[in-house]
Amino acid sequence: MKDIREHQVRPKGNLAKRIIAAIAAVAMLGGVGYATATTAVAEEEAGTLATESFMGTTVGREWILLNDACLTAGGTQGCTAKRKANGDSGIYNQSNGLLQLTGDVNDATGGAVFNHQLDTSLGLDVTFYQYQTARSSGADGIGFFLADGNQELTTTGASGAGLGYANTRGGSAPSDGLSEGVLGLGLDVYGNFANDTDWVGGTDCTQYRSGQISNSVVLRGAGNGSTGYCKVTDAKTYTGLTTSKAPLVGSSYTDGADGVKVRIIISPQKTSADGTVTEYSKVTVIVGDTTIYNNVELNYALPATVKMGFSASTGGSKQPHYIRGVQVKTVEASNGIMLSKYHDTKSKQYKVAYAEGDKVPYSFLITNSGTQNLSTVTLTDTNADEGSLTCTPSLPAATLAPTATIQCTATHTLTEAEAAQGSFTNEASASGVASGSTLTAKDSATVPTIKPLAAPDHTKWIVKDASSEGDGDQYTLNLNVTGNNSETSIASATPADVILVMDKSGSMEGSRDTNSQTAANALAKKLLTTANSSLDPSLQAQMAVVTFSDKATVKLDGKFTTSADAIASAITDTPNGGTNWEDALKKANGLSSGRAGVKKYIIFLSDGNPTFRVTSYGGCFHHNQYDSKYTTQEACEAASSRRDTYSWKTNPDDKRSDGVHGHGDSDEYGFNYAAALAEANNRGKAALYVVKTSNDANKMTNLASDAKAVTGKELDGTTATNLTNAFEQIYSSITSTSKVKVYSITDTLTQWVDPVDLTDGDVTDKVTVTAPQGKATPSYTATYVESTRTLTVKFTDGVEAGAADTYGVSFKVKPSAQAYADYATNGQTYPDVADDGTSDKSETVTNDEGKHIGYYSNTAAKLTYCIVTTVGNQESACTEKTVDYGKPVVNVKLGKITITKQWSDGNGKHANDSVTVQLQRTATGVEGATAESVGNELTLNAENKWTAEVDNLQPGYTYSVVETSGNDRYDVTYSDGQDLTEQMVWSSSDDAGTLNATVTNTLKQVTLENLVSVKKNLAGRAWTATDKFDFTLEATDGAPLPEVCQNQQSCEVSVKSDSASYAAAFGNITYDAGEAEYTYNVTENKGSASAMHYSKAKYEVVVTVAKSTDGEWNASVSSVTKVLDDNGNSASEKQDVSDPVTFTNHYIQVSVLPFTGGTTDRQWLLVGGGIAGMAALMIGAAGIWRGKKRLV
């Protein structure tokens, strides 16, 4: 690639002295010729890159002497030792000798190559002395050449006419030229180095062509193999190449006294800041005192370094060839150290253009161009990959002698930011110490880069599942990735010379030509974009056009273009005539954009076999029948005998006289195809695509295979669709394409969601992966790690996602208990706002700004991918990248409960009362779960209608209510606890998630069990079976009556003759809890028994309701008072509360009753005494009765 060089610390000196030195140098060079060749530089300012006198018995270790080459002074490589002392007499084994390339013998070849890199950054000024001792028939000449320095130079090019540099085509054995030749100078006595017509140079050479020119100086440009080595200008005749006598050696030699001095001055090429060559090098050649070439500009870029050599040969003619006094200096001033940094095109890591993650290979050459040893030599490249910089010899170098070099290599891994620039310039610096001063040189190299694709489109969104799924709270999380490519823009960054070779023969007329133009125009539009045109020319894709029928025509004046419109205009010729494959390929081979290092592509399109050619072909005929087994005229004629005649015929198929051979309708002898194949094989490193537009072109199959076209097969363009596909295939291989390769999608869930059906380990069967329509679902594995809540979906070997290819991953989640709890605790406030586009389909709520809010489903979700970039057939390194997905949100729903208070004695009785209750919950389905309070206590009263509603209830719990106010007059009962589930809160019904709880306060009651009782005493007679006495219990102030007398004003009880102890109780009386006293009156109902005095006694019984010491409510008879005696007289006698109230009735026989008047007191006293006696008899029985009737 193009290099930028900056050399620092230029030597300082007196300006006047330097000007005088420059003028002197001009004078030495013969006037204006050299002065205009380059900026004149004083000799002491130029750096020295190499010196070799060849005058001794040894040569520098970098020199390799080839074949007949030897040292006249002797030594192991001396001419005597090699038995080559066959040149001029008297020169061998003498001091001040020479390098003999050939002696004075026929068919000799000798060469010397300097397998050592020379830095071209400051230009090259090469001088040497050449000796070609004159003979009657001189041959051949001496060649000087330069080759790309980034290779091992151990041999020369073709000998003879090629002078060790160019290829040769003449004769029976064509030979390749110098590998990766840069420039060749022929000091050509015999004259065939100038002969393009028959002998030298590639068939692509179309300018400055000539035949043999004896005694000529010829400059040939770059070439490789059998391609190139074309003249850069016309050959010049110079008669002073030979010397009339043997070279001076030994003590007779004086520097510069004999021989022909040759000087080649190659100016440094100029570059822009980005390394683009803005002006190619110019070459001046001075032979003797004559400027042969003055500022001849090359049309190609010089490599960063070169190697050099010499060669000479003899054939049927002969003469000795010698050189000595070789010196290579810089053209521009050097401070004593030089650095060349260049893109290493020989490295296995070399690419036409580099993508992110690619390793760019570099080579470095540090040269001591001064006259003193350098010490502490170092090289600094801050961009070199760690550990990649290696040097021979290793650095820092203790000593570097003048003209010595250090070679280094390093790589740099291209970053995304560097690749995005379209080119990358990398600078290095070298330093060394000379005479206590530090000398520094800098150089940089620029490589084209491929702008990386943007991150692939990737979206994450969430969708609320139907309420019928799961508990109704499920969501589906979706993560997609859509591939993209940028073939068009990437193509703009890949330099390419594309030549369309279009068949315009008559058979193409109609749809074939139309389809061809359509496909070609489509290719041009994709390659020659606006973006491409704006690039530096060294990075552009450019196109040229050759059309052919009987002959080939180079369109667009033989120039390459970046205009798709120009291409469209160039291919519109009307089809007519035959099919000349050879001429078409010859013209294509001859086209060049002049851009060094740019790959050439030839797209050869035809619908028929070749019917014409431009090269003469001959064949052997036996009785006028072509016999292909004899391929040379000599073999053919040798096969003849007196009885059997073979003859050689040249162009037996000719029907024209305009230089086009063939009869236009077939290829009877195969000459047309052979000529085309030979030309196809002359294309050098150009890629060839063979496209047939008709099945009639069956030879296209042979051509693709024999010429080693791309893939070795022709492309089918026999239909419009096939032709389009063929050109797409060509486009893909010419351009750089970048596609996405997806490796994995990872989603780490937040605490706000739980996965559905995902458990620790392999969950491949629980995760759904989708592929683009028409493509198979890629192989993948899904793994879930519970501890990190991370789901990872890995695609086996990665899945390539082309443009618009969308792959998706989906799985189900639901809000977690923590999300429900947080939402309830924080008053139904959501903390998170969804990233745009992630929750539009989730049915989640929005805030005032229309943004979806809720709980993030993921803490992080990442797509791991790489960009695979292909340049031609080279694939870039795949550097894994990650990009984040957006964060969607989920929502939750909560339940509520309505709490109602009911009073057993009626809410109306509690208008001024209030109670407090506490809502509680217990985790559902959790063994051993304990109740916990929910919120604060609630007050229920008449004002709120004894009702409260509590919302924000989290599902997953059983809810219940307890009363906390503690009115112990009432028993509190509750409705059963109720479960609140996710399904309930997500239900679509109106009362979804609403619970109801009732608190009932029932007034407590206490019972007085049979403690209010009566006893009947009967005085005056015994009890009879029919005796029955009735008693009345009358309540005051609404006191309750026994249960059997409810809703009555009083209650009665009877004592009969069979009543135990002649007593009876009024039954159980129930009282409401609460401090209170209740008063009752007990009297006997007057009966109708004859002679019976019924008691008129009246008892006041007081019942007290109060708490016992243990806090329980009790009812007890607190006092019994006799307020009227049996005769109805007032009394106030306290009675034992444990005894029944006693009523005594007296039976008075009729005989003892007074007939008239009432009972006297004395009589009643007697009766009373009798009764008292009877009472005394009953004391024992009364004790027993009391024990049984105590208050419970």
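Before moving on, here are some points about what is shown:
- A straight Cα-to-Cα reach below 26 Å connects K1122 with the lysines K1015, K1016, K1028, K1056, K1086, K1096, K1098, K1134, K1188, K1189, residues fewer than 8 places away in its own chain not being considered.
- Estimated inter-spin distance, E386 and D1136, nm [label 7 Å along Cα→Cβ]: 11.1
- Highest mean first, the peptides 806-816, 92-102, 143-153 sorted by other C-beta atoms within 10 Å per residue fall in the order 92-102, 143-153, 806-816.
- Sparsely packed trypsin sites (Lys or Arg not before Pro) within region 213-304, loop by DSSP, other Cβ within 10 Å at most 15: K245
- Centre-to-centre separation between the Cα atoms of region 1076-1129 and those of region 949-966: 51 Å.
- Ordering of 381-389, 751-759 by burial proxy (mean other Cβ atoms within 10 Å per residue, highest first): 751-759, 381-389
- Contour excess over end-to-end distance, with Cα ends at Q1048 and D976 and 0.36 nm allotted per residue: 22.1 nm
- Remark: region 895-999 projects, on average over all directions, an area of 7.3 nm² (convex hull of Cα atoms).
- N698-S1057 pseudo-label distance in nm [points 7 Å out on the Cα-to-Cβ vector]: 15.1
- A Cβ-based charge dipole, computed about the Cα centre of region 578-731 with Lys and Arg at +1 and Asp and Glu at -1, lands at about 620 debye.
- Working note: 222 nm ellipticity from helices only, DSSP H runs with n ≥ 4, each -39,500 (n - 2.57), summed and divided by the residues of the chain, gives -3500 deg cm²/dmol to the nearest 500.
- Inter-label distance, nm, simple model (7 Å from Cα along the C-beta direction), Q1005/E416: 8.4
- Cross-link check: pairs K236/K587; K504/K551; K451/K881; K766/K814 evaluated at a Cα-Cα cut-off of 19 Å; pairs beyond the cut-off: K236/K587.
- Diffusion constant of region 803-931 at 20 °C, which comes from Stokes-Einstein with the Kirkwood Cα-pair radius and 1.002 mPa s, µm²/s: 105
- Relative packing of 352-360, 839-847, which averages over residues the other C-beta atoms within 10 Å, highest first: 352-360, 839-847
- Annotation: Cα Rg of region 1010-1065 relative to the compact-globule expectation 2.2 N^0.38 Å equals 1.28.
- Angle in degrees between helix 511-527 and the longest Cα principal axis of the chain, rounded to the nearest 10: 70
- Only alpha carbons enter this Debye calculation for region 508-548, each as an equal point scatterer, and the log10 of I(q)/I(0) it gives at q = 0.14, 0.20 Å⁻¹ is -0.42, -0.68.
- Per-residue HN-Hα couplings for region 229-246 [Karplus 6.51, -1.76, 1.60; θ = phi - 60°; Hz; x = Gly/Pro]: 6, 7, 4, 8, 6, 5, 5, 10, 7, 8, 8, x, 6, 9, 10, 7, 9, 4
- Cβ-derived FRET efficiency at R0 56 Å, A273 paired with S640, nearest 0.05: 0.20
- Values of log10 I(q)/I(0), in the order q = 0.10 Å⁻¹, for the chain under a Debye, Cα-only, solvent-free model: -1.27
- Residues listed by number, region 709-742, amide nitrogen under 12 Å from T514 label point at 7 Å toward C-beta: 720
- Cβ-Cβ FRET estimate between T438 and S394, R0 fixed at 25 Å, reported to 0.05: 0.80
- Unit charges at the beta carbon, dipole of the chain: most positive-side option, N195, G78, V950: G78
- Farthest toward positive dipole pole in region 704-768 [+1 Lys/Arg, -1 Asp/Glu at C-beta], among Y743, V753, L715: L715
- At an R0 of 45 angstrom, the distance between the Cβ atoms of Q633 and E800 translates into a FRET efficiency of 0.20.
- Spatially close lysines, pair count over region 288-403: Cα under 24 Å, gap of eight or more or interchain: 11
- Share antiparallel - DSSP beta bridges, the chain, percent rounded to 5: 85
- Assuming charge only on the beta carbon of Lys and Arg (+1) and of Asp and Glu (-1), the dipole of the chain about its Cα centre is about 3600 debye to the nearest 20.
- The chain: angle of helix 1161-1177 to the longest principal axis, Cα-based, in degrees nearest 10: 50
- Rel. contact order, % - alpha carbon contacts under 8 angstrom, at least six apart, the chain: 7
- Gained length - T376 relative to K1107, 0.36 nm times residue gap less alpha-carbon distance: 252.0 nm
- Computed extension length for R135-A1022: 300.0 nm, one decimal, from 0.36 nm per residue of separation with the Cα-Cα distance subtracted.
- Net charge contributed by nearby residues that have their C-beta within less than 13 Å of K1107 (K/R +1, D/E -1): -2
- Rounded tilt (10° steps) of 671-680 against the dominant C-alpha axis of the chain: 70
Each reported figure results from applying straightforward, stated rules to the coordinates on display, with no laboratory input. Quick caveat, the model's predicted, so the values are computed rather than measured. Glycine also receives a Cβ, built like all others from the backbone with ideal geometry; neighbour counts cover every protein chain displayed.
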